Structure formats: structure tokens, C-alpha cells
Amino acid sequence: MADSFDREKVVDCMFDPVTSSIIAELENGTKSCTFLAEQVSIPETEVLERLAYLIDHEFIIKNTNGDKSMISANSEKLTSIVESNENFDQTISSLEKMDSYLN
């Protein structure tokens, strides 16, 4: 059964300035939720809230061991969203939007 998700919502999540910083931290492998929260200066609960949609649709993988959550990226699935032809214009628009926040 194919996973049904809103591509625009995934792109919006991925290119939100804070969430994109979290995802960038995951490029080098699995990180603890505590580490990610410290890197972007937000509480762990907010890290999980920001990643919730991506976790629900397995773009981001969350493993919990006791009270410690480990987060990793499903790079192949994330890349497929960015490279999708039907989504290319939305991706460019999102990048421009993110760039405007940074400037």
C-alpha cells in the first residue's frame, strides 16, 4: 500500500528554516533529540512537533529507547521529494522563501 502524504506539506516542513537546520544535522547520521534541540536552541518537544509530519510519513525515523529518542533521516525518501518533477517549482519557491528569511 502506497504511503499517502501531502507533498506541499512535506516541502513546507523540509524548508522551514528551523526544521531544515534539524534535517541538515541528520545528514551525517542518527542524532539524539537532545542534541538536535541544543543545536537549534528549542525544546525537545518542539523538535518532535516540527518533525511530526515527516516522522508520520517516514521521511524522518524516530527510535525511542527508554526516555531517549534517536532521530535519523530517510535520505532516499527526502531526496525523492526534492527531485520530483511535479514538485520542482514548489521546491524552488520554498528555497526562495527560505532565502528571504535568511536575508
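For the stretch 24-42, state whether one or more residues are closer than 22 Å to Ser4 by Cβ, surrounded by fewer than 12 Cβ atoms within 10 Å (Cβ to Cβ), out of contact with any Pro (no Cβ under 7 Å at 6 or more places or on another chain) and modelled with pLDDT of 85 or more.
Filtering the stretch 24-42 for residues closer than 22 Å to Ser4 by Cβ gives none.
Within the stretch 24-42, not a single residue is closer than 22 Å to Ser4 by Cβ, surrounded by fewer than 12 Cβ atoms within 10 Å (Cβ to Cβ), out of contact with any Pro (no Cβ under 7 Å at 6 or more places or on another chain) and modelled with pLDDT of 85 or more.
If Asp12 satisfies all but one of (1) in contact (Cβ under 8 Å) with a residue 40 or more places away in the chain; (2) over 24 Å from Ser100 (Cα atoms); (3) out of contact with any Phe, Trp or Tyr (no Cβ under 7 Å at 6 or more places or on another chain), what's the number of the condition it fails?
(2)
Scan the stretch 46-66 residue by residue and report those that are part of a helix (DSSP H, G or I) and open to solvent by less than 60 Å² (accessible area, probe 1.4 Å).
Just the residues of the stretch 46-66 that are part of a helix (DSSP H, G or I), to begin with: 46-56.
Scanning the stretch 46-66 gives Glu46, Val47, Leu48, Leu51, Ala52, Tyr53, Leu54, Ile55.
Which condition number in (1) modelled with pLDDT of 95 or more; (2) within 23 Å of Val82 (Cα to Cα) is the one that Asp12 fails?
Failed condition: (1).
Among (1) outside any helix (DSSP H, G or I); (2) under 15 Å from Ile23 (Cβ atoms), which single condition is Ser69 missing?
So the condition that Ser69 fails would be (2).
Can you name every residue in the stretch 49-71 that is in contact with a helix residue (DSSP H, G or I) (Cβ under 9 Å, 6 or more places away or on another chain) and closer than 16 Å to Glu38 by Cα?
Arg50, Leu51, Lys68, Ser69, Met70, Ile71
The values are calculated or read from the model by the stated rules, or taken from the named source; none is laboratory data. For clarity, every value in this text was computed on a predicted model and none was experimentally measured. Because the Cβ atoms are built from the backbone with ideal geometry, glycine has one as well, and the counts that use them run over all protein chains shown. Heads up: the accessible areas ignore ligands, DNA and RNA and are worked out on the full protein's heavy atoms, side chains in. Shrake-Rupley method; radii C 1.70, N 1.55, O 1.52, S 1.80 Å.
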